[in-house]
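Below is one structure, written out as structure tokens, with a few remarks after it.
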Amino acid sequence: MNRSTATIASLRDASKRYGKQLALDQVTLELRRGEVLALLGPNGAGKTTAIALMLGIARPDNGEATLFGTAPGSLDARRRIGAMLQTDGVPGTLNVLELITLFRSYYPRPRSVADIVALAGVGGLLKHRYASLSGGQQRRVQFALAIVGNPQALFLDEPTTGLDIEARETLWATIRQLISEGCALLLTTHYLEEAEALADRVSVLMHGRMIADGSLEQIRARVSGKQIRCISTLSETLVAGWSDVREARRKGEWLEIVTVQPEPVLRQLLFEDTQVRELEVRRAGLAEAFVEITKEAA
Amino acid sequence: MNTSLTFPRGALIASYALEVRYEFIRLLRTPSFAVPTLLFPAMFYVLFGVLMGGHASGDNPMAHYLLATYCVFGVMAPGLFGFGITVATERERGWLALKRVAPMPAGAYLGAKMLMAMLFAFLIFVTLAILSSSLGGVRLLPTQWLALMLLVVFGVLPFCALGLVVGSYASAQAAPAIINLIYLPMAFLSGLWMPLRMLPNMVAQIAPLWPPYHLSQLTLYVIGQGGDGLVAMHGVVLIVMTVVLFVIAQRRLQRAG
């Protein structure tokens, strides 16, 4: 598979201005076949704008957006994708079955209603009007509308916002199933664990600029540190003063130490607190990497 | 994979039909739209055309005149409200964007809304026809009924276009207020409630600015209640107004999208 056919959606040096606000500043992004790309960033970072450009909802002021090799917006390209937007505005007066039926009519070979119901978990809701559903149920219906057409690529803008933990896990499982069937996914999220749970690659946006882009491993490696976690009575200010300790903080009875050189720190820790329990050392997760990267960019 | 080749024509028509059907269902389930749209023309007609119009049988010029003008008043609502408010809301809240990302057939969005408005216009015509012929003593030739019906069903389109302009510019909050500011004064100034000759001269002089005036001149003409008889001129003005307004709105919607 050569590069051009492997690319599903891309931005090349794309910029977009809304009034005085530069929402996106020369961003280059690529979603390839079968991969999961997470767009991370704080509110107002430009994640939604990036999706809007790739889907053809908005046009870039400069640079280029493509979907399946052409300008976004062609009927053919739209039949091969599914999207869940943040502001969905689904009419509350239609019931769930009517919404699914309407969207099914847009595709030459849509998924069966039974499949959609099973995948999105909207079984008991078909006869309910959209307006009468809870926020979490509405998100599930929006997901159902996104997968109606058997898409080769899904664009999910903060899909699990407003979902409880159980519903989020269920949605992740469904998304993993679609990924395993070869569906590519572009995901924006506030939840770092969501990106960690699903993504192959991560792009971090901040103030409209791409500040980091790479595999999960590469992003993690941006933070060279390791994290030591234990239950200890030592004061965090004392620990923070040790050599080799970059940061120490307390969460309840837990003490968290960030360091580049865990071995000498561990020796000192065990020496000074013989009562230490539940000791673990791990590589910094995406959460730490993200904090670190956005701090550098600020 | 080229999916577009495998999309049969029948499926496309089915998609349009569903779009129209759900557009209609949605508005029927919205009492704040359906009730005033379907009932107000009938209520006003009974009140002013029948009860206050004098004789319940025989020659009743008021019942005739108001049939022609309330038909016009009736079709203003589905056009203005059905387009103005729903488009503003759907544009602002992202439903339009989601449908544009989904492979909705081109033209289905506005096409469905237009057919929905024509359907409402037809229902309003039927209501007024029944009331006027039973209670109002209105007698027309079958060809006159037919011509009136066609005027009503297609006469909704200029108001769709005007509503669309409002809907493509105004916020969802502002749209209802703006539409009401257009709707009621325009109906009055076009002589729909009272013949223009009973109104100040100035009102009659500026009446040609308003689309309802032109449509009412046509409806009055076909039922033989005057109108100035410049049928072609009024028809052309309405068509030009409709096209210009649609183009303005369409350009705005494309830029906003």
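Think of each Lys and Arg Cβ as +1 and each Asp and Glu Cβ as -1; about the Cα centre, that makes the dipole of the range A:226-297 roughly 120 debye.
Semi-axes of the equivalent ellipsoid of the range B:136-191 are 31, 14, 8 Å, computed as sqrt(5λ) over the eigenvalues of the C-alpha gyration tensor in descending order. Averaging the Cα positions of each part gives two centres, and for the range A:109-155 and the range A:159-176 these lie 13 Å apart.
Going from the fewest other Cβ atoms within 10 Å to the most, the residues B:R251, A:R12, B:R91 appear in the order B:R251, A:R12, B:R91.
Relative to one another, the C-alpha centroids of the range B:112-175 and the range A:204-272 are positioned 70 Å apart. For peptide A:87-96, the mean count of partner chain Cβ atoms within 10 Å of a residue's Cβ comes to 6. Of A:Q26, A:V36, A:V113, which is farthest towards the positive pole of the protein assembly as shown's charge dipole, taken about the Cα centre with +1 and -1 on the beta-carbons of Lys, Arg and Asp, Glu respectively? Result: A:V113. Working ranking of peptides B:135-145, A:42-52 by packing, defined as the average number of other Cβ atoms within 10 Å per residue, highest first, is A:42-52, B:135-145.
Kirkwood-type hydrodynamic radius, the protein assembly as shown: 27.3 Å, calculated from all non-identical alpha-carbon pairs.
Quick note: the coordinates plus some simple rules give every number you see, no bench work behind them. Here the structure is a predicted model, which is why all the values come from computation and not from measurement. In this analysis, Cβ positions are derived from the backbone assuming ideal geometry, glycine residues included, and neighbour counts consider all displayed protein chains.
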